[in-house]
Every structure is written in structure tokens, then in C-alpha cells.
Amino acid sequence: MAAATPPVFEPRSRDGWRDPFPMYRALRDQDPVHHVPDNGEGEDYWVLSRFQDVCAAAIDAPTFSSAEGLTFSYGEKEKIGVEAPIVMLDAPEHTSLRKLSIKQFTPRAVRDLEPMVREFVVERVERLRESGEGDVVQELLKPLPSLVVSHFLGVPREDREHFDRWSYAIVAANAEGNILSGADAVGELMGYFARLMEKRREEPGDDLISALVHGRLNTGEAVSPAKVLGMGFTMVAGGNDTTTGLLGGALEILTRRLDQRALLIEDPGRMANAIDELLRLTSPVQGLARTTTRDVEIEGRTIPRGRKVMLLYGSANVDEREFGDDAAECDVDRKLRRIMTFSYGPHHCIGAAAARLQGRIALEEILARCPEFAVDAEAGRYGPGPFVRRFESLPFIARGAA
């Protein structure tokens, strides 16, 4: 009998995102500490695919450093050419900046978003309902997180049209792992943030930019303008992907799994639990890289110091070893202890509660107003890039309108 072909990790993009899961399972089962000899630039990197290994690496930030960037390309810090954003910082700098920032994401601050989010969602769902069909990404899933990010950053209402345009361009570039491809939008947004920072110095508000401009790090130093700009940029790039990816994937799952949809319609109280199950299965950010600061042994293999290591959140979240034999299936009543959708440990996403809120409200309103909706995933179009799995276009039919 011929030997089985060893699994190979191949970065996905666009149509490649339709079904990366057989590749993930092969890696988990046969080669959970996988070596990729060439990242396309003549450098190697490693891939972790099992939940236990991915979670342990995310927690162990001293060994798996973020300081050299989050893609499998080397020299990211030099390519960016500016002071590193929070996602590319390690402790203690990361801890100090995060402590200042997270105050804007308290449970109360997130709860206070609900009226604004629900009003926006209702308006957009009603537009879809009245027309009978449309592209749900363009109508709802893309503008919703941009609205929430602009709120947290204190962007005035009159500036939001420009802000949305810059945000969409940056999100697309970031998803490809090459933010320089959105250089024009980056430049315009950074110029805008610089002006907004000056305004907030004189007229502080209850927003993240104000908190950073007037805040002090643990060292007693003021937050540098570059760090404030980096935080704003991180919010734009990361705050949009998760909500768009979650909701597009969730609508696709609930179109396939009418039994699970029926449970949510029967008892809307299930939604809070269901959101985590849908976050687990959709994993909008499918993976990010870290860099080893020492030789590290995992599953009997040694990853040398200074190598990039891809943490496959999307694979970890459907690992049968963690979630059982039905890990690939949707169960809105599943009790989850932990998921890797927002990473884990010191770099756990500070906007996780806001993403959950947006997901819950959007699905509640869609199910209440269009309980027999359908999306055409086959006609949907996935976005480019090897890190974020999200629809950039998804046809929606508003059946069963209330």
C-alpha cells in the first residue's frame, strides 16, 4: 500500500476560503507542528493547528512574541516604517497601553451601544426586507462595524462618510497582509487622526482617542502620537473584520442548518450562547503569526528561535480533541469553555464584547424580521488574503418577512 501523502499548509484567499477545513484536519491529525520551507520570500515558517498548542502559544507571549509582526513575512517592523501598533508590542509596553485602552470597552460602555446598534440594524434590515433581496454585506455587515469603530474613536457624524471609505480600503489591504497596498487610504486616515488628536487635546470626549491623548503610561510618560495613531489604525483594521466575518458566516450556517435556526426563533434567549458557537465556527481571523524568542519543543518537534509560527485559530476552533467528535457541526446549545476566535492571553481582543453585541443584535433582528431568509453562499464572494475569512459579497433573500 502506498504511503499517505503528507499534508501541506497552503495559505488561502478568495475561493480557497470556501473549505479550508479538510486541510486543517489533515494537519491536526498528521502533522500538528508543520514546517513550511518557503513563505514566498525564501524564508521558512511553522504552523500550529491543534487547539491545545495554539492556545498555549497565544498565552505564552514571552516565547511567542508579537513584536516582529503577525504575518509569516519577516521584517514587518521595518516595512511598516512607523512606531509599532499595540498588536506588535510585547509586555511591558503592550500591557501599559492596553490598560489605558481597555477602559473604553467596559461592560457598561458596550451595553450603552445597544440602542445605536439596534437602530442601525433595524433600518438596514428593513431596507433589505422592503426590496426583497440584496447584498447583505454591502447593506449591513460592512457598514455596521465601521459605525461602531467610529463611535469608539470619537469620529464626528459629519466625518463618517470619509471615515467609512478609508476604513473599507484599509480592511481590504490588511486582510491581504499587505497594508502598504492601501497606502493612499492609510495616509489619508492617519492625517485625519492627527487632526482629530489635536481636537481632542482641546475638547476631550468619552472616546478612545481622548483617553490616549490625555492618558499616561505606567512609566508616567504621555502616549506618543505614533502610538495613538497606531491604536486608531488597529481599531479600524481589526474592528471591522470580526463582525463582518462572523455575520456572513453565521448567515451561511443558519441557511444550511434550519434546525438550529428554528431553535433560535423558538427561544431568542439562546442567542447569547449561540453567538459564541457561531464565533467558533466562523473564526473570521483564521490565523496570525508570532515569532519564537527561543528554541521551543511542541509535540516532539523543535521550532528554532527566531522563526515565524502561524497560530491557526480556525483549525483550533474545530479541533475534535477540544470540542468533541461533532466539532465541525453547529450546536447553538453547546457549552463552550473557551474559543480562539479572539485569541487568548495578553493579546485577547479588547473589542470582543462589542463584536458579540453586534452579532447578537444583527441576528436577532434578521430572525425577527426575515425569519425565512436565505443567503446564496455559492454566489457569495470571499475576500482576498491569507488571514481573514469573510464574505465581501453575499446575496440575501428576505423571505418570511414579518
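Where a number appears in this text, it was derived from the coordinates with a stated rule and is not lab data. A quick note: this is a predicted structure, and the numbers were derived from the prediction, not measured. Cβ sites come from the backbone with ideal geometry, for glycine too, and all protein chains shown count toward neighbours.
Whole-Hz Karplus values for the range 144-151 come out as 4, x, 5, 4, 5, 4, 4, 4 Hz, taken residue by residue from phi with 6.51 cos²θ - 1.76 cosθ + 1.60 and θ = phi - 60°; glycine and proline positions read x.
Need the C-alpha centroid separation for the range 1-43 versus the range 264-307, integer Å. When both Cα centres are located, 17 Å separates them. With a simple spin-label model that places each label point 7 Å from the Cα along the Cα-to-Cβ direction, the separation between R399 and T5 comes to 3.8 nm. Helical content alone sets the calculated 222 nm signal of the chain at -14500 deg cm²/dmol, taking -39,500 (n - 2.57) per DSSP H segment of four or more residues and averaging over every residue. Distance between the modelled labels on R256 and D159, one decimal in nanometres: 4.2 nm (7 Å Cα→Cβ projection). Calculated from the structure at hand, Rg/Rh (Cα atoms, Kirkwood Rh) is found among (1) 1.50; (2) 1.23; (3) 0.96 as (3).
Which GluC sites (Glu not before Pro) from the range 319-402 combine a DSSP loop assignment with at most 11 other Cβ atoms within 10 Å? Of the GluC sites (Glu not before Pro), the ones in loops of the range 319-402 whose Cβ has at most 11 other Cβ atoms within 10 Å are E378.
If you plug the beta carbon distance of E114 and D295 into 1/(1 + (r/R0)^6) with R0 = 60 Å, you get a FRET efficiency near 0.80. Of the residues V309, F391, A61, the one whose Cα sits farthest toward the positive end of the charge dipole of the range 18-397, with +1 on the Cβ of Lys and Arg and -1 on the Cβ of Asp and Glu, is A61.
When you count the other C-beta atoms within 10 angstrom of each residue and take the mean per peptide, 185-191, 134-140 line up highest first as 134-140, 185-191. Per-residue extension of 0.36 nm, minus the Cα-Cα distance of E364 and R201, leaves a gain of 54.8 nm for this segment.
Close amide H contacts of I298 (hydrogens built in the peptide plane, cut-off under 5 Å, sequence separation of 5 or more or a different chain): I303. Multiplying the residue separation of A226 and E378 by 0.36 nm and subtracting their alpha-carbon distance yields 50.5 nm.
Grab the Cα-Cα distance for D326 and R338, subtract it from 0.36 nm times how many residues apart they are, and report the gain in nm with one decimal.
Additional length available on full extension: 2.7 nm.
Counting only Cβ charges, +1 for Lys and Arg and -1 for Asp and Glu, the dipole size of the chain around its Cα centre is about 760 debye. Of the peptides 61-72, 20-31, 275-286, 291-302, the ranking by mean beta-carbon count within 10 Å, highest at the top, reads 275-286, 61-72, 20-31, 291-302.
Our summary gives the range 18-397 a relative contact order of 27 percent, counting only alpha carbon pairs under 8 angstrom and 6 or more residues apart. Pick out, from F9, P346, G269, the residue whose Cα sits farthest towards the positive end of the charge dipole of the chain, with +1 on the Cβ of Lys and Arg and -1 on the Cβ of Asp and Glu. Checked the options; the winner is P346.
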